[in-house]
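Colleague: This is the structure I want to talk about, given as structure tokens.
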Amino acid sequence: MTAHLLELEDVQTQIALRRGAIRAVDHVSLTLDPGETLGIVGESGSGKSMTALSIMRLLPRAARITGGRIRFKGRDLADLSEDEMEAIRGTEMAMIFQDPMTSLNPVYRAGWQVGEPLRIHRHVDKRASIAAAVDLFRKVGIPDAKTRVDQFPHQFSGGMRQRTMIAMGLSTGPSLLIADEPTTALDVTIQAQILDLLRALNRDYGTATILITHNLGVVAGMCDRVLVMYAGRVVEQGTTEDVFVHPEHPYTWSLLRSIPRLDATGHEPLRPIEGSPPDMGRLPAGCKFHPRCPFVIDRCREEEPDLREVRSQLARCWVTQAGRSLDSPDGR
């Protein structure tokens, strides 16, 4: 059996606050193979970005991984020293952060920043790193690359800054690319261009990609598999087609019904999810989604379900694990 490129097994990450620790990532497990694209979706605060930061070991000072394993190419990242981890982050895995304006240093030229990983990890000189940055700018679709490498981030549009971040992430040819909300704050035309670029990089270079987003339309067009998170937990996972065609967790079901659909046969109003995500410091008993769930039963309020196989995917739901349908709020 071929080993996975990346494997998370029961990963737990806690953030220490004055009122106590919260479980930002709670027993999360996933796998990713070379060339595969995995989408992680959920509302703000569901644990998507903290899962990615746990993989990269770039956690905030108050956060720490308290359990589980993160294996990358067979190595447990939790066992590595910070120097060893820095070497992997710079060469074998890369991350595109949400806001390129704050991720790029405003006082350094864009080409200098894109070439920095090559100078640090490949030991190339300044001239060669800038030449490589020009080539990378061309690959990610930045026009007039020779001029642009000498400009500062504030001289770039939002789409160009995001392309610069992608170029920086790809500079050392990583096996794994984590894109955290790569289309946030971009207009729809630029969003489409960025997604087409990520799709081409995945196809041409075989780079495995984790795409973190709240946009289900992006997942539908980009991802082979999808992992749905709520309150730090995985509540459903499976192939994108299976999860979208027949969701087996009420949270996924609700997310899909809160967005407009071009293939809708009628003109029904959108159905937003009632209530708000839970306070991570005061999580409800039982299923964490039950206060907002239209299918809730008594057992949901008392016991939290495990993530189990339901039809062709995994779901954390007493209702569907009992064989009941989510076709209507009655659960019948």
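The values are calculated or read from the model by the stated rules, or taken from the named source; none is laboratory data. The model shown is predicted, which means the values in this text are computed figures rather than measured ones. Neighbour counts are summed over all protein chains in view; Cβ atoms, including those assigned to glycine, are modelled from backbone coordinates with ideal geometry. To get the accessible areas, we keep the full protein, side chains included, count just its heavy atoms, and leave off ligands, DNA and RNA. Shrake-Rupley method; radii C 1.70, N 1.55, O 1.52, S 1.80 Å.
Colleague: List the relative contact order of the stretch 1-133 as a percent without decimals, with contacts defined as Cα pairs under 8 Å and 6+ residues apart. If you can, show how the numbers build up before the last one.
Modeller: Working: 160 pairs, mean separation 30.8, N = 133.
Computed value for the stretch 1-133: 23 percent relative contact order.
Colleague: Taking the Cα centre as origin and putting +1 on Lys and Arg beta-carbons and -1 on Asp and Glu beta-carbons, what dipole magnitude results for the stretch 100-173, to the nearest 20 debye? Walk me through the intermediate numbers first.
Modeller: On the way: 11 positive and 5 negative charges, 15 e Å.
Dipole about the Cα centre, nearest 20: 80 debye.
Colleague: What list of ³J(HN,Hα) couplings, whole Hz, do you get for the stretch 321-326 from phi and the Karplus terms 6.51, -1.76, 1.60, once you set θ to phi - 60° and write x for glycine and proline?
Modeller: 5, 7, x, 8, 8, 9
Colleague: How many nm separate the modelled label positions at Thr239 and Ala87, each set 7 Å beyond the Cα in the direction of the Cβ?
Modeller: Result: 4.0 nm between the two label points.
Colleague: Of Gly115, Ile96, Ser44, which is farthest towards the positive pole of the chain's charge dipole, taken about the Cα centre with +1 and -1 on the beta-carbons of Lys, Arg and Asp, Glu respectively?
Modeller: It is Gly115, whose Cα lies furthest towards the positive end.
Colleague: Still on this model: How high is the FRET efficiency from Asp125 to Tyr205, r the C-beta distance, R0 25 Å, rounded to 0.05?
Modeller: Result of the calculation: an efficiency of 0.50.
Colleague: Quick check: at a probe of 1.4 Å, how many percent of the accessible area of the stretch 100-173 sits on carbon and sulfur atoms?
Modeller: Solvent-exposed carbon and sulfur of the stretch 100-173 make up 52 percent of the total.
Colleague: Would you mind getting the accessible area per residue of the stretch 100-173, heavy atoms of the protein chains only, 1.4 Å probe, in Å²?
Modeller: It amounts to 50 Å² per residue over the stretch 100-173.
Colleague: If you look for lysine pairs in the chain that are eight or more places apart or on different chains, how many of them have Cα atoms under 28 Å apart?
Modeller: Count of close lysine pairs: 5.
Colleague: Tell me the mean residue ellipticity at 222 nm calculated for the chain from its helices only (DSSP H runs of n ≥ 4, each -39500 (n - 2.57), averaged over every residue, nearest 500). Numbers along the way, then the final one.
Modeller: Numbers: 13 runs with 113 residues, N = 332.
Calculated from helices alone, the mean residue ellipticity at 222 nm is -9500 deg cm²/dmol.
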